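Inspection log for the structure reproduced underneath, given as structure tokens.
The values are calculated or read from the model by the stated rules, or taken from the named source; none is laboratory data. This structure is a prediction, so every number in the text was calculated from the model and none was measured. A quick note on method: Cβ atoms are made from the backbone with ideal geometry, for glycine too, and the neighbour counts reach across all protein chains shown.
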Amino acid sequence: MGLKRRNKVSAEFSMSSLTDIIFLLLIFFMLTSTLVNLQPFELPESDSKTVAPTSVVVSIEKNGQHTVGSEDVSRSALERALRNEIANASTLEKESYTVTIVAEIGTPFDYVVNVMEISARLGVKAILATQPRES
């Protein structure tokens, strides 16, 4: 008597693990996007609609106080602080590293130019944060 066994391969795909991964990615991006903290002062206005990635934020107040990330630094220690931030970045991040300059309205432009020159010396991009122009 020849009894045959039927071995059928099931071609099913479990979606439960994929939805778990999607939710974890969603939570990760929601948490990391809220970590970017801009100072609560008024920014210059612009018509630009460009959204650029932010690696480190340098805040400059009218009185010349500089903040790198969340640490207050003097103008003379600014380059060293930025160099440390870049050194702590991963190799993939270093290729697209961007310094976002958040300057309060009325800040002397020399302070902004100083941060741009330091960024150029360190080989990273610098962008100026603005707010949309009210129509």
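In the set (1) exposed (fewer than 13 other Cβ atoms within 10 Å of the Cβ); (2) of a type in the set (A, V, I, L, M); (3) at pLDDT 75 or above, the condition left unmet by V102 is number (1). Scanning region 29-44 for residues that are modelled with pLDDT under 70 and not in a loop (DSSP other than H, G, I, E, B) returns a single hit, S33. Any residue at all in region 55-68 that's under 20 Å from the mean Cα position of the chain (by Cα) and surrounded by fewer than 16 Cβ atoms within 10 Å (Cβ to Cβ)? No; the residues of region 55-68 include none that is under 20 Å from the mean Cα position of the chain (by Cα) and surrounded by fewer than 16 Cβ atoms within 10 Å (Cβ to Cβ). Residue-level check: of (1) within 22 Å of S46 (Cβ to Cβ); (2) more than 17 Å from the chain's Cα centre (by Cα); (3) surrounded by fewer than 19 Cβ atoms within 10 Å (Cβ to Cβ), T107 misses just (3).
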